[in-house]
1. Given the range 363-442 reduced to its alpha-carbon atoms as identical point scatterers, what log10 I(q)/I(0) does the Debye formula return at q = 0.15, 0.26 Å⁻¹?
2. Pick from Ala23, Ala57, Ala183: which is most flexible by mean-square fluctuation in a GNM of the chain where alpha carbon atoms under 10 Å apart are linked?
3. Let me check I've understood the local charge: for Gln238, count other residues with C-beta under 9 angstrom from its C-beta, Lys and Arg +1, Asp and Glu -1. What total comes out?
4. Given N residues in the chain, what is Rg(Cα) / (2.2 N^0.38 Å)?
5. How much of Glu335 can a 1.4 Å solvent probe reach, expressed as accessible area in Å² and rounded to 10?
6. Need one number for the range 259-327: average projected area of the convex hull over its C-alpha atoms, nm².
7. Quick check: residue separation of Arg237 and Asp102 times 0.36 nm, minus the Cα distance between them. What number comes out in nm?
8. Once you put a point 7 Å from the Cα of Glu262 and another 7 Å from the Cα of Gln425, both along the Cβ direction, what distance in nm separates them?
Amino acid sequence: MDETWQRELSEFIAIPSVSADPAHREDVKRAGEWVCDFIRRIGGTAELTPFGKKELALGEIPASHDAANAPTVLCYGHFDVQPPAPLELWDTEPFQLTIRDDWAYARGVTDDKGQLYILLKAAQKLVEADALPVNLRFASDGEEEIGGTTIVDYLGVDDRGANAAIIFDGGMLRMDVPVFDLATRGLIAFEVKVKTGERDLHSGMYGGAALNAIHVLMRCFDAVLAGPDGLLPDRLRQGIASPAPAELNAWEALPSGAGELENQGARPLDPNAADQFYIRTLAEPSADVNGILGGKPGLRNTTLSVQASGEFTVRLAPGQDVHTIGSEVERMLREAAPEGAELELTWEGTPPGLVKPDSPAVQLGLQAFEEVLGVRPLLVRTGGTLPIMPALADRGIPTVLTGFGLPESNVHSPNEKFLVRYFEQGVDTAAALYTKFAELHH
């Protein structure tokens, strides 16, 4: 890692932009200003722009030649970081970049300052060579680590769009095995309250004759949970976009499902869960009860409870619609409730995101990575939810979501680290990606 890179990244890392801590509100803004300053320094324009209650670092770098006819590429990264606690578990200062044994250590060095820096540095490399063939737009936020939606709100009103988007905020399957995340699952969160009477009752006097709110809640939840085959009821599987053959082939290289469950100390849901691990977690919807309140937990009592509440979430498969599935879940819950039970439901959701594996942006991206790294990325999905992905898809912007983090990078943990050689390789790869995207239709 050369001295210039180390100095620049050290400056960026040293800003304690912890979005979860209100005391660091100004530091988060300073990190956004740092991004804008970098873009301006290499010949672009940029401003830390108020949007809603927060700000976005919005910048533009024009193509070196014939910018009016060049494709536009939107780059996203975030400049906020997780809190460094517990500090006693760090071997180095979390906000001081430290190079040791082929690794760079610091909070945010992988997630996501180091990777956002790679995208910026690749732009600088091509600008200085008078060889940037696309118009770059940078839209970065300082609230990704607290689940903020400012970037999603911005994309909803941004009428300029882009021919493709690049997000370096992910990692490799393992060292030197890159992946592209083509899809994210959506998420619908439900809160259910049940009332079955005026007051709790003596179960000896009324048990077997009066409705029990906890029983009602259990019956309602059971109606929407996975059956013996591990899959949700057909009514909740509408709209699933099945994985393409190229994706299924790539998944063959992933670690065994049995191993993934075992490594987490988890027990399989049913006999087929291990073999179907990736289909279920990446390409199928799932439902999980996250908590139930009712009765007098921890106290031995013989009370029949007439009030209970619970929370559960449905992960939507790529292709599914929040309103369609949410409404169907609500119908099924109400159908399962016996006469006399009062149900109060609230829910809200984030849609899934999906990029087609045969889209030109993905295919050009695969070529760029292979040219620089000598290996073609695997096409995978993530079972988690990332609101920016569906927001980009809604605007018709195909996205390459990838990154150079590693399973051992300790993201969100003490001693976060990034393999030093991936800085140079990452910049070369990002530059190749920008160059390949010149072939996208304007």
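1. -0.70, -1.29
2. In this elastic network of the chain, the residue with the biggest mean-square fluctuation among Ala23, Ala57, Ala183 is Ala23.
3. -1
4. 1.10
5. About 120 Å², rounded to the nearest 10.
6. 7.5
7. Difference between extended and current length: 44.0 nm.
8. Going from the Glu262 label point to the Gln425 one covers 2.8 nm.
The values are calculated or read from the model by the stated rules, or taken from the named source; none is laboratory data. All of these numbers come straight from a predicted model, not from anything done at the bench. All Cβ positions, glycine included, derive from the backbone under ideal geometry; neighbour counts span all protein chains shown. The area values use the complete protein model at the heavy-atom level, side chains included, leaving out ligands, DNA and RNA. Shrake-Rupley method; radii C 1.70, N 1.55, O 1.52, S 1.80 Å.
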